[in-house]
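Step one of this worksheet: look at the structure below.
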Amino acid sequence: MTLRQRYPVLSAAALYSLVVAVTFWPFWTGHFLINPMSDMRNGYPFRLFESEYLRQAGTFPQWNPYIFGGMPFIGAIGGDVFYPTFLLRLVLPVDVGITLGFMLHIALAGLFTFLFLRALNLEWGAAFVGGAAYMFTGQVVSLVSPGHDGKLFVSALLPLTLLLLYKAVVRHDWRHYLYFGTVVGLCLISPHFQMTYYLLMAAGFFWAFLVWASDERPAAPWWRSALLFALALGVAFAIAAIQLVPFQEYLTHAARGAGPEDRWGYATSWAMPPEEILNVVWPAFSGVLEQYWGRNFFKLHSEYLGVVALVLASFAPFLRDKRRMSWFFVFLGAYAILFALGAHTPFYRIPYTILPGIKLTRAPSMIFFLTAFSTAVLAGFGTQALLSAPQTRNTPLRWWIGVAGVGTLLAFAGVFQGLMRAIADPQRLGAVVANYPAFEADVVRVLVLTLAAAALCAARLSNRLAGAQWSLLMGGLVLLDLWSVERRYIQFSPPARTSFAPDSVVRTLRADSGVYRILVLNEYAGLENYFMAQHVRSVLGYHGNELQRYDALLGGKNEWRNIGSTNLLKLLAVRYVVLGQAVQTPILSAVGPGPVPTADGQTAYLYRVTDAAPYAFLVGEALQVADSQTIGTLLDPRFDQRRMLLVSPDQHIGLVSLEQHEIPPPLNTSVAVSELRPGALRFDLGAPLTDPAYLFVSENYHPAWHAQVDGRAVRVVRAQYSLIAVPLPAGARSVQLSFSSPAFRQGQIITLLTLLLVLVPPGVDLARRRLRRPGDGERQGG
């Protein structure tokens, strides 16, 4: 008995893992799976921050002080905070854990597809081919290029989700509904909500098909299955509560909370241009990576489905006992294509109008992973048809050879170039010409692979190759086909200790042990969160969903119109400024003799703010001012923030008017920062206060901040529009600030209780199996 027959799942998993291990060989030599365009260059500092905090504090960080003046870490979503991949980063270096997480999920995408197809009663060879077709499809492997781990996690979990739903509906096993909900919950904490939304669309369609159209009709009535399906979704959201509850609370404070003004334009941005459907056969049509000439601004992913997989998928209709299932996946793949096209067809108006929340999403092209999975399933069905029915007609082979041959002739005749020129933006015509030789090479590659696939299929149809041998050869050809394209998206960099090593600017800053912020203008492109990895607080950064009030204080999201204000620099405790060119201004003094090399491979000038304000200081009085007038007053050169706090009337503190009141002079009592941890600050006053005053802290305000003055709880108020102030009584000596979110605690409790609920059924099953084993007394009695 072969290993494949005795251990079918283990043998498939081993082969998939071997392929991934070899393909990602630089990982084993210590390299980091990021490239200069990867979002993970800015995502790495978040994951480093979480792992360092977890190791030191034994709990998850709730506040991130290093970017955008400080912001909630969990509510604003700092990456895969709770997804199981965080465990890899606890036991391994963070860059190793990130890379291994990518690789692991690519292998899991193949294995889960294999298990799904095996559950549909396909032979090992057919299931293996289907798993290989999905594992290395463009919509899975190419996600390592932009560093989109959340998308990859959801893509990998899609086949497992449908597998559990299939078992739940067909077998009417309520436990599998529970497990289905658990996997959806994992998708939600991936935390890519939009991809999970698309996964739930597929699950909903699949459930309806299984209940009303499948050959395997469930024994239970549809309404009972619908109720269990709804309960499973409840379990999913309960499991993800640890992420969802803080996120929902944060939306009321976030820049994106109100949603985009042009919702249709936003929702249809980054859709798939119709001509790029040709990329599923000829991936070089619109250009790969830097050769892209298409209608979107840039493109870091691939839609390539694999011509060999498409050839096999065309045989799926010949598998008679899966004909209805085949038509379902044809529907799912076609639906995803129409959805991905966005505003390029009228179809998108339907989901845009009837589906809740779609107006708040963009890049509908992300749904194309459903087409990729459908193609892989159909390829598995086609393989099974060829394995089980050698008399199958070879009509699809002639059709595909014709497509590949005609495509090659048209490419070398220049017909495709004329099409590209007609479509491309006039400013990108040069890119069309530059890409065309690569496209011509690609059509030849497709023709060769089509002929190879046809030869293998013909060998099987004539029964010249045994099923096991043939399916392994075909699986290898599928992988070779996809690898020949997707390998370009797999790019490594030196390990993080090199890629994120302290540069000249950071080494200079480390000589200053104070508490301050740095303002970086137009430098460190693609590494906006670099200083976060160096534990340096920054005025700006990269996130996309920072606090709305902070954005307004800086003059508007991504515009930062107020960034040049001297008052703003003081308000945010800016002590250093990094510029790309030399300047002469009385508010800045040069640090060092000239430009220094930076981590992004450029050079920059480091300046110190000559009259920098401290991170925390005492203010004698507060004045109530409407928010609409606050920012203008704060930026007025005549305003002295050391003498007056501005608070909104709803804070119910301070003076209502300056009439009959004088603006107090600055207080000279010093404030020392004696504790400085993310979400935990302690300030000691140089002497007890003789009169009530306010402690101003240059950190963003959020209702989850709590304060104690000499051990007694006091309120934290929002001052200077977006920052923190603590009212102090006379005699005050020390102030403790801590960030603790009730929303996080509530979500944590819900998640933990739900996980305990999910663990009960398998625990009961395990106990029952052990009880059924014959004990010593039974053997003796026998």
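The values are calculated or read from the model by the stated rules, or taken from the named source; none is laboratory data. No experiment lies behind these values; they were computed from the predicted model shown. Please note: Cβ atoms are built from the backbone with ideal geometry, for glycine as well, and neighbour counts cover all protein chains shown. Side chains are part of the model used for accessible areas, which takes the heavy atoms of the whole protein and leaves out ligands, DNA and RNA. Shrake-Rupley method; radii C 1.70, N 1.55, O 1.52, S 1.80 Å.
Yes/no per residue for (1) among the small types (Gly, Ala, Ser); (2) surrounded by fewer than 17 Cβ atoms within 10 Å (Cβ to Cβ):
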{"residue": "Phe193", "(1), (2)": "no, no"}
{"residue": "Leu199", "(1), (2)": "no, no"}
{"residue": "Phe206", "(1), (2)": "no, no"}
{"residue": "Ala219", "(1), (2)": "yes, yes"}
{"residue": "Trp223", "(1), (2)": "no, yes"}
{"residue": "Ala238", "(1), (2)": "yes, no"}
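Somewhere in the range 335-351, is a residue of a type outside the set (Ser, Thr, Tyr), in a helix (DSSP H, G or I), within 29 Å of Gly476 (Cα to Cα) and in contact (Cβ under 8 Å) with a residue 24 or more places away in the chain? The answer is yes, given that some residue of the range 335-351 is of a type outside the set (Ser, Thr, Tyr), in a helix (DSSP H, G or I), within 29 Å of Gly476 (Cα to Cα) and in contact (Cβ under 8 Å) with a residue 24 or more places away in the chain.
Residues considered: Phe368, Phe328, Phe381. Of these, the only one that is closer than 15 Å to Leu162 by Cα and of a type in the set (A, V, I, L, M, F, W, C) is Phe328.
Yes/no matrix, rows are residues, columns are (1) open to solvent by 10 Å² or more (accessible area, probe 1.4 Å); (2) among the basic types (Lys, Arg); (3) at pLDDT 95 or above; (4) under 35 Å from the mean Cα position of the chain (by Cα):
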residue	(1), (2), (3), (4)
Leu370	no, no, yes, yes
Leu397	yes, no, no, no
Pro426	yes, no, no, yes
Pro437	yes, no, yes, yes
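Please verify whether the range 675-686 includes one or more residues that are surrounded by fewer than 19 Cβ atoms within 10 Å (Cβ to Cβ) and among the aromatic types (Phe, Trp, Tyr). No, the range 675-686 has no match at all. Of everything listed in (1) farther than 28 Å from Thr29 by Cα; (2) modelled with pLDDT of 95 or more, the single unmet condition for Ser513 is (2). Here is the figure for the range 538-564: residues that are in contact with a strand residue (DSSP E or B) (Cβ under 9 Å, 6 or more places away or on another chain), among the hydrophobic types (A, V, I, L, M, F, W, C) and in a helix (DSSP H, G or I) total 1. Test Ser374 against the stated conditions and say whether it is without any contact (Cβ under 8 Å) to a residue 60 or more places away in the chain, outside any loop (DSSP other than H, G, I, E, B) and either open to solvent by 20 Å² or more (accessible area, probe 1.4 Å) or not aliphatic (A, V, I, L, M) (or both). So Ser374 fits the description; yes. Regarding the range 147-155, can at least one residue be identified that is touching a residue at least 24 places away in the same chain (Cβ under 8 Å), more than 23 Å from Gly185 (Cβ to Cβ) and either surrounded by fewer than 24 Cβ atoms within 10 Å (Cβ to Cβ) or touching a strand residue (DSSP E or B) at 6+ places or on another chain (Cβ under 8 Å) (or both)? The answer is yes, given that some residue of the range 147-155 is touching a residue at least 24 places away in the same chain (Cβ under 8 Å), more than 23 Å from Gly185 (Cβ to Cβ) and either surrounded by fewer than 24 Cβ atoms within 10 Å (Cβ to Cβ) or touching a strand residue (DSSP E or B) at 6+ places or on another chain (Cβ under 8 Å) (or both). Only one of the numbered conditions (1) farther than 19 Å from Ala411 by Cβ; (2) of a type outside the set (Gly, Ala, Ser); (3) open to solvent by 10 Å² or more (accessible area, probe 1.4 Å); (4) not in a helix (DSSP H, G or I) is not met by Met272, and that is (3). Taking residues in the range 593-608 that are closer than 24 Å to Thr498 by Cβ, and partners anywhere that are of a type in the set (Gly, Ala, Ser), the pairs with Cβ atoms closer than 6 Å and at least 6 places apart or on different chains are Val596/Ser504; Pro597/Ser504; Thr598/Ala604; Ala604/Gly580. Identify all residues within the range 522-537 that are in a loop (DSSP other than H, G, I, E, B) and among the hydrophobic types (A, V, I, L, M, F, W, C); write none if there are none. Ala525, Leu527, Val536, listed by residue number. Across the range 747-762, not a single residue is classified as closer than 19 Å to Ala76 by Cα, touching a residue at least 24 places away in the same chain (Cβ under 8 Å), in contact with an Asp or Glu (Cβ under 6 Å, 6 or more places away or on another chain) and part of a helix (DSSP H, G or I). In this entry, Leu737 passes the filter for residues that are under 30 Å from Pro61 (Cβ atoms), touching a Leu at 6+ places or on another chain (Cβ under 6 Å) and either at pLDDT 90 or above or open to solvent by 50 Å² or more (accessible area, probe 1.4 Å) (or both). Does the range 453-469 contain at least one residue that is among the hydrophobic types (A, V, I, L, M, F, W, C), at pLDDT 95 or above, open to solvent by 50 Å² or more (accessible area, probe 1.4 Å) and in contact with a helix residue (DSSP H, G or I) (Cβ under 7 Å, 6 or more places away or on another chain)? Within the range 453-469, not a single residue is among the hydrophobic types (A, V, I, L, M, F, W, C), at pLDDT 95 or above, open to solvent by 50 Å² or more (accessible area, probe 1.4 Å) and in contact with a helix residue (DSSP H, G or I) (Cβ under 7 Å, 6 or more places away or on another chain). The single condition from (1) at pLDDT 95 or above; (2) open to solvent by 20 Å² or more (accessible area, probe 1.4 Å); (3) of a type outside the set (Phe, Trp, Tyr); (4) in contact with a helix residue (DSSP H, G or I) (Cβ under 6 Å, 6 or more places away or on another chain) that Gly526 fails is (1). Checked against the criterion of being open to solvent by less than 60 Å² (accessible area, probe 1.4 Å) and either at pLDDT below 95 or out of contact with any strand residue (DSSP E or B) (no Cβ under 9 Å at 6 or more places or on another chain) (or both), the candidates Ile653, Ile724, Ile663, Ile750 yield just one match: Ile653. Residues of the range 23-56 that are free of Cβ contacts under 8 Å to residues at least 60 places away in the same chain and either open to solvent by 10 Å² or more (accessible area, probe 1.4 Å) or not charged (D, E, K, R) (or both): Trp25, Trp28, Thr29, Arg47, Ser51, Glu52, Leu54, Arg55, Gln56.
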